[in-house]
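Asks: Have a look at the structure that comes next, please.
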Amino acid sequence: MLEISDLVMRFGGVTALDRVGFTVADNEICGLIGPNGAGKTSLFNCITRIYRPEEGAVRFNGTDLLSLRRHQIVRHGIVRTFQNLALFPTLSVLDNTVVGAHSTSTPHLVPSLLGWPTTRAARRRVEADAWELLERLELTDLAFHPAAGLPFGTLKRVELARALISRPSLLLLDEPAGGLTHSEVNELGQLILGLRDDYGFSALLVEHHMGLVMGISDHVVAMDFGRTIADGSPAEVQRDPAVAEAYLGRTA
Amino acid sequence: MLEPKTTPAQAPASTKRGPRVIRRGGREHTVLLGIGAVLAVLVILWGGQLDPFNQGQLTRVAIFAIAIVGLNIATGYIGLLSVGHSAFFGLGAYTTGVLVVKYEWDPLMTIPAALVVCLVVGLLVGLPALRIRGLYLAMVTLAFGVAFPEIVAHFDDLTGGAEGMTIRRQQLRPPEWSGFTLGERSQWVYWLCVVVLLIVMWIAHNMVRGRYGMAMIAVRENEIAAASSGINIAVMKVTAFGVSGAVTGVAGSLFAMYIGSLFAEGSFTLLAGITLLIGLVIGGEATRSGPLVGALAVVFVPYYAAELGQGQVAAVLFAVVLIFVIFVAPAGIVGGIAKAVRKVVVVTPRIPRKPEGTQQS
Ligand SMILES: Nc1ncnc2c1ncn2[C@@H]1O[C@H](COP(=O)(O)OP(=O)(O)OP(=O)(O)O)[C@@H](O)[C@H]1O
Ligand SMILES: [Mg+2]
């Protein structure tokens, strides 16, 4: 269970997070919505220790995440994807995915230098696992292609593969439907549900595509100006006047 | 499903007009590798019977190649620009010099000693990478490169200071088991350098083609994504810098055996560090054979330039070659060739499938 409480994060005069708090239960998909600049990505960055919040707490299954360093987060079962992509451009799609397994099967220096049989065997295992994920995500055609130059929507799926290979218990998805057409968005929703059934994780899903969020989330949280403005079932949040106002107030 | 791509998962290996596809580990690939190996062996044997001068040139190529392989680990793969790798080269050379001259060590035994000394110093110099990013480490290496000749001058009772240090011929006698006599010393050094180069290239190959090397590239290309994937960036950078220094130090140790006399002001100044960098850039950063090609350039371009004219001409020609290479092939000679070859043939890895019966979840 992920528990976020009273997080505060400021950038100069901008308060990106203003005492935001909510929880994500095990195995649930929690949608996180809010207008541009509401603080959704900042929240992800706090959970994954890319930012250090000024106040508040983030606990995952009892562990204080704020006491960890960036690279330790995945060891506690949390991985994320990035709104604007964070891939390794010269590495192939397969190798990008393989890097995601660093925490579950860490390559060590000396055996790597000597090309030790156990290191090679571990690599074959990880690659075979990555290949299965790529099959699942329909990326095998591009497995040996460098990430650089592939379409945005494809790269979003590569990030998903890299995240899944560590068998996370919590997946943080920052706008996974970016760059997809309408019908592809529906398929993505089914894919996320299917992956959750197969691998068993909870997910925090940031998305502007309301159809997707409302369609697959068990629970939705709405944010605005760094605050939680609604928290409940998809239907409840959709009906909430504060949510409607947050969106109208920005776009009107 | 999500991608409007209609090619089936198992596209036929050869497509119209596209490059020829060769599977790694397949028959064609093995044959090509075999041809490459035979050519390499022929070149090495040819070098073994050259006259002392030309053989010495090849020995220098091997030594510089080792040094540049070391630099490539830090600068090419993990992206830590090091201007002062000359200091590791010098440190390795002086480790060998001091141990042989002052402590009468067997020269061969000084190679591991130089490796350890340079590893430790490399880890220490790399420590700032734990906290500071970007060009700061380059500044630290710059300072290290500038300071090295001063340090040598300071410890003059050990290093001979500005007068330099000479290892007596007798002390560099080839070992009994090698079958080389004292008069055949240049041949012995040639074979020693070739063997060490092969070992170092093999080690670099293992590292770079394995998941450790992938993690290094990941750090270079996107630190946040690398950290989020569980890579401890600071530890990996410092370690890589240590290994990088150690390999370049081994080259320095061999250089001491080859040259026999050490002058810090001559061979181990910042200019030498920049020469190594130029070699890496010309050969091809983050490529496995780039250091060897770069070493050929570093040894032979100034040599032929010197035949054309005196003094400045060599430096100018070197600069022209560098600019030309960067212009034509920004990824270096090896990077450029690899790109051209990929238009004709591509080698794809084998499809990594799980062995039967171990399918899980
Ligand atoms: N590194 C940063 N430096 C300065 N300001 C920042 C930084 N990161 C976020 N902000 C600010 O914090 C606020 C919240 O931004 P954030 O990216 O978290 O919003 P978001 O909800 O993800 O928006 P979007 O839907 O557009 O992705 C914005 O005002 C943004 O300008
Ligand atoms: Mg965002």
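The values are calculated or read from the model by the stated rules, or taken from the named source; none is laboratory data. Just so we're clear, the structure is a prediction, and the values are computed from it rather than from any experiment. Every residue, glycine among them, receives a Cβ derived from its backbone with ideal geometry; neighbour counts consider all protein chains shown. All accessible areas refer to the heavy atoms of the entire protein, side chains included, with ligands and DNA or RNA removed. Shrake-Rupley method; radii C 1.70, N 1.55, O 1.52, S 1.80 Å.
This table checks each residue for (1) in contact with a Phe, Trp or Tyr (Cβ under 9 Å, 6 or more places away or on another chain); (2) within 14 Å of another protein chain (Cβ to nearest Cβ).
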{"residue": "B:PHE144", "(1), (2)": "yes, no"}
{"residue": "B:ILE151", "(1), (2)": "no, no"}
{"residue": "B:ALA162", "(1), (2)": "yes, no"}
{"residue": "B:ARG168", "(1), (2)": "no, no"}
{"residue": "B:PRO175", "(1), (2)": "yes, no"}
{"residue": "B:GLU184", "(1), (2)": "no, no"}
{"residue": "B:MET201", "(1), (2)": "no, yes"}
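Asks: Can you find even one residue in the stretch B:60-74 that is surrounded by fewer than 24 Cβ atoms within 10 Å (Cβ to Cβ) and assigned to a helix (DSSP H, G or I)?
Replies: Looking through the stretch B:60-74, at least one residue is surrounded by fewer than 24 Cβ atoms within 10 Å (Cβ to Cβ) and assigned to a helix (DSSP H, G or I).
Asks: Another one. Identify all residues within the stretch B:144-171 that are under 25 Å from the mean Cα position of the chain (by Cα) and open to solvent by less than 30 Å² (accessible area, probe 1.4 Å); write none if there are none.
Replies: B:GLY145, B:PHE148, B:PRO149, B:VAL152
Asks: Right, next: Of the residues A:THR119, A:THR104, which is touching a residue at least 40 places away in the same chain (Cβ under 8 Å) and away from ligand 2 (no atom under 16 Å from the Cβ)?
Replies: Going through A:THR119, A:THR104 in turn, just one is touching a residue at least 40 places away in the same chain (Cβ under 8 Å) and away from ligand 2 (no atom under 16 Å from the Cβ): A:THR104.
Asks: Here's a follow-up. Report the residue count in the stretch A:13-34 for those that are over 18 Å from A:LEU173 (Cβ atoms), more than 7 Å from ligand 1 (Cβ to nearest atom) and surrounded by fewer than 22 Cβ atoms within 10 Å (Cβ to Cβ).
Replies: 5
Asks: While we're here: Yes or no: the stretch B:280-303 includes at least one residue that is aromatic (Phe, Trp, Tyr), in a helix (DSSP H, G or I), over 19 Å from the mean Cα position of the chain (by Cα) and more than 30 Å from B:VAL152 (Cα to Cα).
Replies: Checked against the condition, which is being aromatic (Phe, Trp, Tyr), in a helix (DSSP H, G or I), over 19 Å from the mean Cα position of the chain (by Cα) and more than 30 Å from B:VAL152 (Cα to Cα), the stretch B:280-303 yields no hits at all.
Asks: Also: I'd like the full set of residues that are over 17 Å from B:LEU124 (Cβ atoms) and facing another protein chain (nearest Cβ under 9 Å), limited to the stretch B:224-250.
Replies: Start the filter on the stretch B:224-250 by keeping residues that are over 17 Å from B:LEU124 (Cβ atoms), which leaves B:224-233, B:250.
Of everything in the stretch B:224-250, those that are over 17 Å from B:LEU124 (Cβ atoms) and facing another protein chain (nearest Cβ under 9 Å) turn out to be B:ILE224, B:ALA225, B:ALA226, B:ALA227, B:SER228, B:SER229, B:GLY230, B:ILE231, B:ASN232, B:ILE233.
Asks: From A:ASP218, A:ASP240, which residue is open to solvent by 10 Å² or more (accessible area, probe 1.4 Å), more than 16 Å from ligand 1 (Cβ to nearest atom) and touching an Asp or Glu at 6+ places or on another chain (Cβ under 6 Å)?
Replies: A:ASP218
Asks: Within the stretch B:250-259, is there a residue that is over 30 Å from B:THR166 (Cβ atoms), hydrophobic (A, V, I, L, M, F, W, C) and surrounded by 24 or more Cβ atoms within 10 Å (Cβ to Cβ)?
Replies: As a first pass, look at the stretch B:250-259 and keep what is over 30 Å from B:THR166 (Cβ atoms): none.
Taking every residue of the stretch B:250-259 in turn, none turns out to be over 30 Å from B:THR166 (Cβ atoms), hydrophobic (A, V, I, L, M, F, W, C) and surrounded by 24 or more Cβ atoms within 10 Å (Cβ to Cβ).
Asks: Further question on the same structure: Look at B:TYR136 and say whether it is closer than 24 Å to B:ALA234 by Cβ and open to solvent by 40 Å² or more (accessible area, probe 1.4 Å).
Replies: yes
Asks: Here is a check on your reading of the model: is B:VAL208 under 16 Å from A:PHE88 (Cα atoms), more than 7 Å from chain A (Cβ to nearest Cβ) and open to solvent by less than 10 Å² (accessible area, probe 1.4 Å)?
Replies: Working: under 16 Å from A:PHE88 (Cα atoms): yes; more than 7 Å from chain A (Cβ to nearest Cβ): yes; open to solvent by less than 10 Å² (accessible area, probe 1.4 Å): no.
In short, no.
Asks: Within the stretch A:44-63, identify whether any single residue is over 18 Å from the mean Cα position of the chain (by Cα), in contact (Cβ under 8 Å) with a residue 40 or more places away in the chain, open to solvent by less than 20 Å² (accessible area, probe 1.4 Å) and within 16 Å of ligand 1 (Cβ to nearest atom), and answer yes or no.
Replies: Yes.
Asks: Then there is this: Collect the residues in the stretch A:86-139 that are in a loop (DSSP other than H, G, I, E, B), polar (S, T, N, Q) and at the interface with chain B (Cβ under 7 Å from one of its Cβ atoms), keeping them in residue-number order.
Replies: Across the stretch A:86-139, the qualifying residues are A:THR90, A:SER103.
Asks: For A:ASN27, are the conditions met, namely being assigned to a loop (DSSP other than H, G, I, E, B), of a type outside the set (Gly, Ala, Ser) and within 16 Å of ligand 2 (Cβ to nearest atom)?
Replies: So A:ASN27 fails the test.
Asks: Looking at this structure, is A:ASP174 open to solvent by less than 10 Å² (accessible area, probe 1.4 Å) and on the phi < 0 side of the Ramachandran plot?
Replies: Spelling it out, A:ASP174 is indeed open to solvent by less than 10 Å² (accessible area, probe 1.4 Å) and on the phi < 0 side of the Ramachandran plot.
Asks: Does the stretch A:24-41 contain at least one residue that is within 14 Å of chain B (Cβ to nearest Cβ) and out of contact with any Ser or Thr (no Cβ under 6 Å at 6 or more places or on another chain)?
Replies: yes
Asks: Also, I was wondering about something else. Return the residues of the stretch A:76-90 that are open to solvent by less than 10 Å² (accessible area, probe 1.4 Å) and either over 16 Å from A:LEU173 (Cα atoms) or within 16 Å of ligand 2 (Cβ to nearest atom) (or both); say none if nothing qualifies.
Replies: Correct list: A:THR81, A:ALA86, A:PHE88.
Asks: Here is a check on your reading of the model: is A:LEU212 within 14 Å of another protein chain (Cβ to nearest Cβ), in a strand (DSSP E or B) and within 16 Å of ligand 2 (Cβ to nearest atom)?
Replies: no
Asks: Specify the residue that is nearest to the other protein chains (Cβ to nearest Cβ); the eligible residues are those in the stretch A:150-179 that are without any contact (Cβ under 8 Å) to a residue 60 or more places away in the chain, away from ligand 1 (no atom under 16 Å from the Cβ) and in a loop (DSSP other than H, G, I, E, B).
Replies: Taking the candidates together, the pick is A:PRO151.
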